[in-house]
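Novice: Submitted below is the structure of interest, expressed as structure tokens.
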Amino acid sequence: MTTELTHFIGGEHVKGASGRFADIYNPATGEVQAKCPLANAAEVRAAVESARAAQPGWAAWNPQRRARVMMRFVGLLQRDMDKLAEALSREHGKTLPDARGDVQRGLEVAEFCIGAPHLLKGEYTEGAGPGIDMYSMRQPIGIAAGITPFNFPAMIPMWKFCPALVCGNAFILKPSERDPSVPLMLGELMLEAGAPPGILNVVNGDKEAVDALLDDPDIGAIGFVGSTPIARYVYSRGTANGKRVQCFGGAKNHMIVMPDADLEQAADALIGSAYGAAGERCMAISVAVPVGEATADALIEKLAPRVESLKIGPYTAGDDVDFGPLITAEAHARVKGLIDSGVAQGATLVVDGRDFSMQGYEGGNFIGGCLFDNVTKDMEIYRQEIFGPVLTTVRAQSYEEAIGLALDHEYGNGVAIYTRDGDTARDFASRINIGMVGINVPIPVPLAYHTFGGWKKSIFGDLNQHGPDAFRFYTRTKTITARWPSGVKEGADFSIPVME
């Protein structure tokens, strides 16, 4: 029997009323395992009204009290880690260890948010003028919303709503309709942690729900993670409606391998970062750039057997699996089409995983690991984000040519370099025009107390996710200038105030 999921509004599970549903598939079999309700504008508005009623009282709680809710939430995440990971793997397809990592990286942002009393402190200047004191306050925006992707159904929602809530806002989460069960569970856990009903609402939906959020006058801030075309759309429509908007889009992450690098370490790093989660990560390394023909030949020689030996299967196979299926049949077809285009355009397909199949899982969305060599920057597999288990290799003849590839690409999410040379690493970190940089680190995702965000077409907006930027994004600064009677001069002053 197919399960029918709900929305989570006002602290309660609410059945969908639009009559529209999206199928949720088992990625390993292709079978429908649940139905997700797709909210209409009226259902989105019900969530907004619930948030609007709850937010003033929540904002009136002192920051330490809100932080204690976040502390309890962290404990509940730890308690339910295995339950959350299993639900995540069942809908997304990623392995259980990877699913636990998904939850853990969200949990770490919740841990950082326990420090809200310190992070929300304003600034104070005593004696700025005769009898004048000046100080600033950080105050909540009111209602914020998050539109989050399928590939991290636990982590990215928590990156959005944890700082928003602890700043005193209410939040409406619109998760991916492909794997919404974990976001619904997070709503339950936040209520159990002590957040008032209506402070965190989860509304499932598609473009109709997204547009309703973007147009609603009571929503002051929107966060989005997904593809660059949709990020551009959300940013344009949201800002046109006067909202504060942060949008994170696509990526094409390079890893430059210098001749002096430890090639065993570099090869292992590429395998994990390119093929983990079947490549469905915005921080996946999808382009290896070995410098020099000898480096390239040696690297391909080390990579090929590693790719051929990757273990692929359903999450139920446990620790015997390196990665699982792609999320949907559409994603499978898109990735396979890009691999086909690489072959047609002249790249060398060293390891071909297109025909991978498993007995008993013939309907699943599996693609085996693929490895390309001799890729050029005019090819589609280089220009586009593949979002699948595919590593492309672009050979460079010099460091300058290698760094130029990353400098010139339209995406600027993450980049890495493997080298033993400190001067090269320092030059690379200084010159590269990309938001997150790894030096002998393949996936340079910052820890929760730093900010996450790319450059170029990987971001729309001025402030990044989590870390200090999140507290800036979800609050407004108010500056107060106070003067008490003993410092007031008699008579009107018609000149602009200045400090003498």
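Readers should treat all values here as calculations from the given coordinates under stated rules, not as data from a laboratory. Remember, it's a predicted structure, so these values are computed and weren't measured experimentally. Note that each Cβ is placed from the backbone with ideal geometry, even for glycine, and that neighbours are counted across all protein chains shown.
Novice: Step through the residues of segment 325-341 one at a time and calculate ³J(HN,Hα) from phi using the Karplus curve (6.51 cos²θ - 1.76 cosθ + 1.60, θ = phi - 60°), rounding each to whole Hz and writing x for Gly and Pro.
Specialist: Per residue, the Karplus-derived 3J(HN,Hα) values read x, 6, 5, 9, 5, 5, 4, 4, 5, 5, 5, 4, x, 5, 4, 4, 5 Hz.
Novice: Okay, next question. What does the C-alpha gyration tensor say about the overall shape of the chain? Classify as rounded when a/c is under 1.5, otherwise prolate if a/b is larger than b/c, or oblate. All intermediate terms of the calculation are to be shown ahead of the outcome.
Specialist: Working: a/c = 2.24, a/b = 1.39, b/c = 1.62.
Judged from the Cα gyration tensor, the chain comes out oblate (a/c at least 1.5, b/c at or above a/b).
Novice: Which of the lysines could a cross-linker bridge to Lys456, judged by Cα under 23 Å and excluding same-chain residues fewer than eight apart?
Specialist: Qualifying lysines at Cα under 23 Å: Lys160, Lys243, Lys252, Lys377.
Novice: Full-extension gain between Thr348 and Arg383, please, as 0.36 nm times their residue separation minus the C-alpha to C-alpha distance.
Specialist: 11.0 nm
Novice: List the residues of segment 115-133 whose backbone N lies under 11 Å from a point placed 7 Å from the Cα of Trp484 along the Cα-to-Cβ direction.
Specialist: Within reach of a label on Trp484, which here means backbone N under 11 Å from a point 7 Å along Cα→Cβ, segment 115-133 contributes 131-133.
Novice: In addition: To the nearest 10 degrees, how steeply does helix 155-166 sit against the main Cα axis of the chain, on a 0 to 90 scale?
Specialist: Result, in degrees: 10.
Novice: Please identify the GluC sites (Glu not before Pro) of segment 389-467 that satisfy two criteria: DSSP loop assignment and at most 11 other Cβ atoms within 10 Å. Which are they?
Specialist: On the way: sites: Glu400, Glu401, Glu410; in loops: Glu410.
Counting only loop positions with at most 11 other Cβ atoms within 10 Å, the GluC sites (Glu not before Pro) in segment 389-467 are Glu410.
Novice: Still on this structure: Per-residue HN-Hα couplings for segment 129-141, Karplus 6.51 cos²θ - 1.76 cosθ + 1.60 at θ = phi - 60°, whole Hz, x for Gly and Pro?
Specialist: x, x, x, 10, 10, 10, 8, 10, 10, 9, 10, x, 6
Novice: Using the Cα centre of the chain as origin and beta-carbon charges of +1 (Lys, Arg) and -1 (Asp, Glu), tell me which of Leu107, Pro37, Met71 is placed farthest towards the positive end of the dipole.
Specialist: Value computed over the given set: Met71.
Novice: Mind listing the phi-derived Karplus ³J(HN,Hα) values for segment 352-363, rounded to whole Hz, using 6.51, -1.76 and 1.60 with θ = phi - 60°, and x for any glycine or proline?
Specialist: My calculation for segment 352-363 gives 10, x, 5, 9, 4, 8, 10, 5, x, 10, 5, x Hz in order.
Novice: Starting from the 7 Å offset along Cα-to-Cβ, what nm value, one decimal, do you get for the label separation of Met134 and Val441?
Specialist: Between Met134 and Val441, the label points sit 3.7 nm apart.
Novice: State the Cα centre-to-centre distance between segment 136-201 and segment 273-298 in whole Å.
Specialist: That distance is 33 Å.
Novice: While we're looking at this one, here's another question. Along the charge dipole of the chain, pointing to its positive end and built from +1/-1 on Cβ of Lys, Arg, Asp and Glu, which listed residue (Met255, Asn26, Ile271) has its Cα farthest out?
Specialist: Value computed over the given set: Asn26.
Novice: Pull out the extension gain between Thr477 and Ala329, defined as 0.36 nm times the separation in residues minus the alpha carbon to alpha carbon distance; nm, one decimal.
Specialist: Contour length minus Cα-Cα distance gives 48.6 nm.
Novice: Could you list the residues of segment 384-400 with an amide nitrogen less than 15 Å from a label point located 7 Å from the Cα of Glu293 in the Cα-to-C-beta direction?
Specialist: Answer for this model: 395-398.
Novice: May I pose another question? Helix-only estimate, please: 222 nm mean residue ellipticity of the chain, summing -39500 (n - 2.57) across DSSP H runs of length 4 or more and dividing by its residues, to the nearest 500.
Specialist: The per-residue figure over the chain is -12000 deg cm²/dmol.
Novice: Residues with amide H under 5 Å of Leu200's amide H, sequence separation 5 or more or different chain, H placed in the peptide plane at 1.01 Å from N; which?
Specialist: Phe171
Novice: Quick check: Cα centre of segment 80-98 to Cα centre of segment 346-377, how many Å?
Specialist: 25 Å
Novice: Which angle between 0 and 90 degrees, to the nearest 10, do you get for helix 293-308 versus the longest principal axis of the chain when only C-alpha atoms count?
Specialist: 90 degrees
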